[in-house]
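Below: one structure, written as structure tokens.
The values are calculated or read from the model by the stated rules, or taken from the named source; none is laboratory data. Every value quoted in this text rests on a predicted model; they were computed, and no experiment measured them. Cβ sites come from the backbone with ideal geometry, for glycine too, and all protein chains shown count toward neighbours.
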Amino acid sequence: MRIIPAQPHDVSKLLAFREEAAAWLSSLGTDQWQRPYPADKLLETIEAGTVFMAMDGETTAATITLTPEAEAGLWMEEELSEPSLFVNKLTVARTHSSQNLGGHLLDWAGHRAYQAGAKWLRLDAWTTNADLQAYYLRQGFEHVRTVHEGVAVNGGPRVSGWLAQRPTRLADHGFTDETPAPEPVA
């Protein structure tokens with residue numbers, strides 16, 4: 001499998017990808033991702049070079065966003081002073097589930113973060129999705145705390161405040177990496 005940067009023409013494909021994930025999550029009884037994601041926000045992150053796709057041939061098997069910025073109001077100042085990259089919107093197609101593709105993407109993200117000089121790979125997960133939180137713990141993340149207060153970046157209530165991190169490291173992630181070298185983090 002290859003990992004490539006998403007391009008502006010991928011917006012509609014990635015929005016449909018997210019809708020598929022939202023429907024699956026709903027079938028599991030969680031309200032995660034039930035609000036549609038704004039296309040302009042997705043395009044902005046694609047143009048910033050932070051959205052990546054795992055490709056199985058010509059099929060998008062998964063996607064991950066890896067940014068140097070944390071969502072406002074989640075991490076403390078002293079934490080933000082440590083070089084980190086932040087995982088967002090990790091999504092695996094149902095056709096590719098049960099292959100540990102998410103785990104491989106997290107390893108790729110940790111590898112990329114290490115190459116960029118980051119100490120931590122961090123994420124915030126849906127506060128009420130205990131299965132997702134357990135998944136991240138199995139992937140080597142340590143729960144830092146859960147933030148319930150505040151307003152999310154999109155103006156809605158804070159719903160994704162379960163914070164976790166793991167140290168970055170070089171990893172055999174299994175992808176043919178067709179992404180540009182990461183920018184160093186401060």
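Looking at this structure, is residue 174 touching a Leu at 6+ places or on another chain (Cβ under 9 Å) and touching a residue at least 40 places away in the same chain (Cβ under 8 Å)? Taking the combined requirement at face value, the residue does not satisfy it. Among residues of the stretch 93-137 being out of contact with any Phe, Trp or Tyr (no Cβ under 8 Å at 6 or more places or on another chain) and among the acidic types (Asp, Glu), the one that is surrounded by the most Cβ atoms within 10 Å (Cβ to Cβ) is 107.
Scanning the stretch 25-55 for residues that are more than 23 Å from residue 94 (Cβ to Cβ), at pLDDT 80 or above and outside any helix (DSSP H, G or I) yields a total of 3.
When 142, 178, 183 are screened for being farther than 12 Å from residue 106 by Cα, acidic (Asp, Glu) and modelled with pLDDT under 95, only 183 passes. Taking the listed residues 112, 122, the one that is in contact (Cβ under 8 Å) with a residue 40 or more places away in the chain and in a helix (DSSP H, G or I) is 112, with no other qualifying.
One residue alone among 60, 91, 95 is part of a helix (DSSP H, G or I) and at pLDDT below 95, and that residue is 95.
Among residues of the stretch 79-92 that are at positive phi and in contact (Cβ under 8 Å) with a residue 12 or more places away in the chain, those with a beta-carbon under 9 Å from a residue that is in a strand (DSSP E or B) and not aliphatic (A, V, I, L, M) at least six positions away or on a different chain give the pairs 89/63; 89/65. Condition first: modelled with pLDDT under 80, within 24 Å of residue 180 (Cα to Cα), of a type in the set (A, V, I, L, M, F, W, C) and under 17 Å from the mean Cα position of the chain (by Cα). Can you find one or more residues in the stretch 14-22 that meet it? Checked the stretch 14-22: at least one residue is modelled with pLDDT under 80, within 24 Å of residue 180 (Cα to Cα), of a type in the set (A, V, I, L, M, F, W, C) and under 17 Å from the mean Cα position of the chain (by Cα). Within the stretch 51-92, the residues that satisfy the criterion of being buried (at least 17 other Cβ atoms within 10 Å of the Cβ), over 10 Å from the mean Cα position of the chain (by Cα) and of a type in the set (Val, Ile, Thr) are 60, 92.
Residue pairs whose Cβ atoms lie under 7 Å apart, separated by 6 or more positions or on different chains, with the first residue in the stretch 130-151 and in a helix (DSSP H, G or I) and the second crowded, with 16+ Cβ neighbours inside 10 Å, are 132/125; 132/126; 133/125; 133/162; 136/123; 136/125; 136/164.
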